[in-house]
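The values are calculated or read from the model by the stated rules, or taken from the named source; none is laboratory data. Predicted model only: the values in this text are computed from it and were never measured. Every residue, glycine as well, gets a Cβ built from its backbone with ideal geometry; the counts of neighbours run over all protein chains shown. The protein model used for the area step is the full one, side chains on, heavy atoms only, and it has no ligands, DNA or RNA in it. Shrake-Rupley method; radii C 1.70, N 1.55, O 1.52, S 1.80 Å.
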Amino acid sequence: MENFVYLLGDRRAQEALVVDPAWDVKAILRAAEEEGYRLTGALITHTHFDHVNGLEELLQKTDAPVYINRNEAEFLKGMKRNIRKISGGDKIKVGTVEITFLHTPGHTPGSQCFLVQDHLVSGDTLFIQACGRCDLAGGDPEQMYYSLKRLSELDEKIILYPGHNYSREPTSTIGEEKRGNPYLQCRNLQEFLAFRMGG
Ligand SMILES: [Zn+2]
């Protein structure tokens, strides 16, 4: 289960936010430094261990805000001072670059994706040719269906950056997934639920 960690930043302002700080915080800090970024916060797609296990270490090194969906903020209650509770549709800026939060429950109740210009960071909601599991605690296949439907209605040219490397290519587009991802081919909720049961 290889995780992707992303930096979303503004080159001119030399500021970046890290998405899902996990596993190797030193490498994250090094990458930011090499790119000339100051880390000014963390964006959390969801609170599964493999996505947030570097958060404490990160906060020891850089006392920055942590942007998490309000439906999942309780899982990080030890970090109260840094927590910023986010709702779907909220926007923040890093430098002059705007980030829009999309609440996409299904994998977990507070799963969220980040839309930055024509880039979508999708966490464990939408993968290349797959989607996140809904059978873990807090998972809900019905919500996942509607979250995927929303993502598939985004502009086809948007580039997809998933939370795990389950594919040969690290990125895809909404258009490619609309055409090829089996979970986006279901015409309605019943079909989606039946397909999940079978797969
Ligand atoms: Zn997960």
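Does region 166-174 contain at least one residue that is touching a residue at least 24 places away in the same chain (Cβ under 8 Å) and acidic (Asp, Glu)? Scanning region 166-174, I find at least one residue that is touching a residue at least 24 places away in the same chain (Cβ under 8 Å) and acidic (Asp, Glu), so the answer is yes. For region 60-78, the candidate set comprises residues that are open to solvent by 30 Å² or more (accessible area, probe 1.4 Å) and assigned to a helix (DSSP H, G or I); within that set, the residue that is nearest to the ligand (Cβ to nearest atom) is 75. Restricting attention to region 8-56, the residues that are in contact with a helix residue (DSSP H, G or I) (Cβ under 6 Å, 6 or more places away or on another chain), open to solvent by 20 Å² or more (accessible area, probe 1.4 Å) and free of Cβ contacts under 8 Å to residues at least 60 places away in the same chain total 1. Checked against the criterion of being within 13 Å of the ligand (Cβ to nearest atom) and touching a Leu at 6+ places or on another chain (Cβ under 7 Å), region 132-151 contains not a single residue that satisfies it.
Applying the set (1) more than 30 Å from residue 75 (Cα to Cα); (2) surrounded by 20 or more Cβ atoms within 10 Å (Cβ to Cβ) to residue 169 leaves exactly one unmet item: (2). Residue 81 falls short on exactly one of the conditions (1) touching a Lys or Arg at 6+ places or on another chain (Cβ under 8 Å); (2) open to solvent by 20 Å² or more (accessible area, probe 1.4 Å), and that condition is (1). Put simply, of 100, 108 the only residue that is more than 16 Å from the ligand (Cβ to nearest atom) and either among the β-branched types (Val, Ile, Thr) or touching a residue at least 60 places away in the same chain (Cβ under 8 Å) (or both) is 100.
Among all residues of region 166-178, there is at least one that is over 16 Å from residue 120 (Cβ atoms), part of a loop (DSSP other than H, G, I, E, B) and within 17 Å of the chain's Cα centre (by Cα). Criterion applied to 189, 115 was being away from the ligand (no atom under 16 Å from the Cβ), under 19 Å from residue 72 (Cβ atoms) and of a type in the set (A, V, I, L, M), and the one residue passing it is 115.
Determine the pairs where a residue that is over 15 Å from residue 44 (Cα atoms) and in a strand (DSSP E or B), located within region 120-141, has a partner that is within 13 Å of the ligand (Cβ to nearest atom) and open to solvent by 30 Å² or more (accessible area, probe 1.4 Å) with Cβ atoms under 9 Å apart, the partner being 6 or more residues away or on another chain. What qualifies is 127/166; 130/166.
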